[in-house]
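No value in this document is a laboratory result; all are computed from the given coordinates. Worth saying up front: this structure is predicted, and the values here are computed from it rather than measured. Neighbour counts are summed over all protein chains in view; Cβ atoms, including those assigned to glycine, are modelled from backbone coordinates with ideal geometry.
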Amino acid sequence: MRHRPDHRLAGLLALLVLVVSGPWYGSGLANEQPRAALAAALVEEGTIEIGAYTDVLNVDYSIRDGRIYSDKAPGSSLLFVPVYAALDAGGLDLRDDTEAVLTVQAFVLSTLPLAALASLIVLRTRRYSPTIAAATSASIVFGSMLLPFSTLGFGHVLAGFLGLLAVDLLDRSEGRSALLNAAGAAAGLAVLVEYPMVIVALVVVVTAWRRHGTGAAVRVVIGGLPLAAVLLGYHQVAFGNPFHTPYRYAQVFEGEFPGVGVRPPDPVDLVRTLLGERGLWTLTPVSLIALRGFHTRRLLNLHDASQRAIAATVLVGFLLVPAMWVDDLAGTWGGFSPGPRFVVPALPFLAWPLARTIARLPRLSALAATISVAMMTIATAFDPLPPDSSFSDNPAVVHWGGRIRDLDVRPNAFADAFGPVGYLGHLTIVAIALVLIWRTLQPDEPTTDQATGANGHGGATTLEW
């Protein structure tokens, strides 16, 4: 049966992300501030020092030789520079218009990448069916921590999108140099945004080597070299050594960065990461049932075997590596968070196993997705960064329950413009986007030939997605 193009469905999922996440205002918490401050310093001061913005900063910054720098990887700030330049030209300033600038930063660095990710997942899973592709994309995008973080100016969502994009470019390269270079560039940019994405960069290089040989791996590396040069150059200028990251001087760690002493993964931390009160599987069970997609009784073809290896390596890497260095200063959740935020960049890699799970276990998948979407929608609307145990004894669900009881919804553009009724307007627009997606998934009416049989003798024709 003929269907509307997959690209229309991909575009509608992206539109739904923009409608759901776009109107929320940024949180203005510590993680977002140094990213904006570095962009502002480059535009307004022509320097990478952010000491002129101390009145905007909270606890997230680095100090070396008396100079103040961002304690984040510089990639997200560099990408935000042209946007901040436009804001500056329009009269907005980080120091005087902090909330507005941080809200724009969240939209550019997180909401837009999540919209692109929603489309990318649809296109990567469309071989199953339009319905499964849409369900996979919606489950990951709206049923994981990607959703609440898409309303914040962190680097996790952008890094996750770039990582999956790097793998997608590698998949489509078929050994062609330009796409191999592009895959390397996407992986390099992901590392420039979030350091742990070096896991994905290594996976891309090794996969290129296994599929296409040493030459392909070299081309991937060549594509990433300019981004590596930017990162190492930034380290050299700011911290006096190309291999000294901002975390070495981060004030939040009081000079005792836990990554200096790497230790074996803590089993207790791993269990809490997955099954704690805000564990990955506890609040978003769709990430648990996705594991079913890794299991198969049949020998996988080379493509699927490669996808399984990539997804498993990235997911395990992002579970184990933080558990090897995170200590009590950061905690299992990485501070205020709706879950273990260090694994957020790896969540897009659930797409391959989740699509297989949805195809095999549609009802269980629908149940897990419903719970996950409900929890992450609550987190997004009421508080995407619930306090951790260092500030509150309440589990995240109790914290959100109190906010729901008090109708303490986050401010957004609709409520700002129209008062409380604006939230209803927001919901109405979301509902319209959902209807458009639903209509796109409906099969077209059968033609005369399809209804009566192509030979005109009334032979039945099987209609499939």
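The C-alpha atoms of the chain define a longest principal axis, and helix 351-360 lies at about 30 degrees to it. Sorting Ile132, Ile50 from the fewest to the most surrounding beta carbons within 10 angstrom yields Ile132, Ile50. How far is helix 130-142 tilted, in degrees, relative to the longest principal axis of the Cα atoms in the chain, given as a value from 0 to 90 rounded to the nearest 10? Helix 130-142 and the main axis of the chain meet at about 20 degrees. Of the peptides 284-296, 429-441, the ranking by mean beta-carbon count within 10 Å, highest at the top, reads 284-296, 429-441.
A Förster radius of 30 Å, combined with the Cβ-Cβ distance separating Thr377 from Val271, puts the computed FRET efficiency at roughly 0.70.
Semi-axes of the equivalent ellipsoid for the chain, computed as √(5λ) from the eigenvalues of its C-alpha gyration tensor and ordered from largest down, come to 37, 27, 22 Å. Can you give me the angle between helix 112-125 and the longest principal axis of the chain, using Cα atoms only, in degrees from 0 to 90, rounded to the nearest 10? Relative to the chain, helix 112-125 is tipped by roughly 30 degrees.
Residue exposure proxy: His235, His244, His303, ordered by other Cβ atoms within 10 angstrom of their Cβ from fewest to most, comes out as His303, His244, His235.
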